[in-house]
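Below is one structure, written out as structure tokens, with a few remarks after it.
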Amino acid sequence: MRLDKYLWAIRVFKTRSEATEACRSSRVKVNEQEIKPSRELREGDVITVRKGPIFYTYRVIQKAENRQPAKNVPLYAEDLTPAEEYAKLEQPRETITIYRKKGTGRPTKKERRQLDDLIDH
């Protein structure tokens, strides 16, 4: 079974074209090797997929010819992703909200420098 079709079938990607693009842009590895989307998978292969900041890891249990319901995915792929990777999703993102009174216009050069210092530190 083709790698891109398998990743689509086990719901790693929403579309097969997304899976193909991820393979072509080196975000998918099989057994620690960068591969083409047309690579044939075998049972026991370990797939690593980078989506955003997380590296998801799956082991192929059996081939899935069609897109599977979410409840059936564990029959086809074992999730080996470490808990530390999932913890990256929970990390708060730093956001700074700066409030300016309405009608005060654009910041002056002095105010702009103060804002830049606030953001940089």
Task: Residue check for E43: of a type outside the set (F, W, Y), surrounded by fewer than 17 Cβ atoms within 10 Å (Cβ to Cβ) and at positive phi - done: no
Open item on the list: For the stretch 73-87, which positions are surrounded by 13 or more Cβ atoms within 10 Å (Cβ to Cβ) and either over 21 Å from the mean Cα position of the chain (by Cα) or among the small types (G, A, S) (or both)?
Closed with: A77
TODO: Give the residues of the stretch 3-21 that are crowded, with 16+ Cβ neighbours inside 10 Å and either under 15 Å from E43 (Cβ atoms) or free of Cβ contacts under 8 Å to residues at least 12 places away in the same chain (or both), sorted by residue number.
DONE: L3, Y6, A9, I10, F13
- [ ] Return yes or no: is Q91 within 19 Å of the chain's Cα centre (by Cα) and exposed (fewer than 11 other Cβ atoms within 10 Å of the Cβ)?
- [x] yes
Task: Options G103, G52; residue that is within 15 Å of the chain's Cα centre (by Cα) and exposed (fewer than 10 other Cβ atoms within 10 Å of the Cβ) - done: G52
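Laboratory data are not the source of any read-out in this text; all were calculated from the coordinates shown. Worth saying up front: this structure is predicted, and the values here are computed from it rather than measured. A quick note on method: Cβ atoms are made from the backbone with ideal geometry, for glycine too, and the neighbour counts reach across all protein chains shown.
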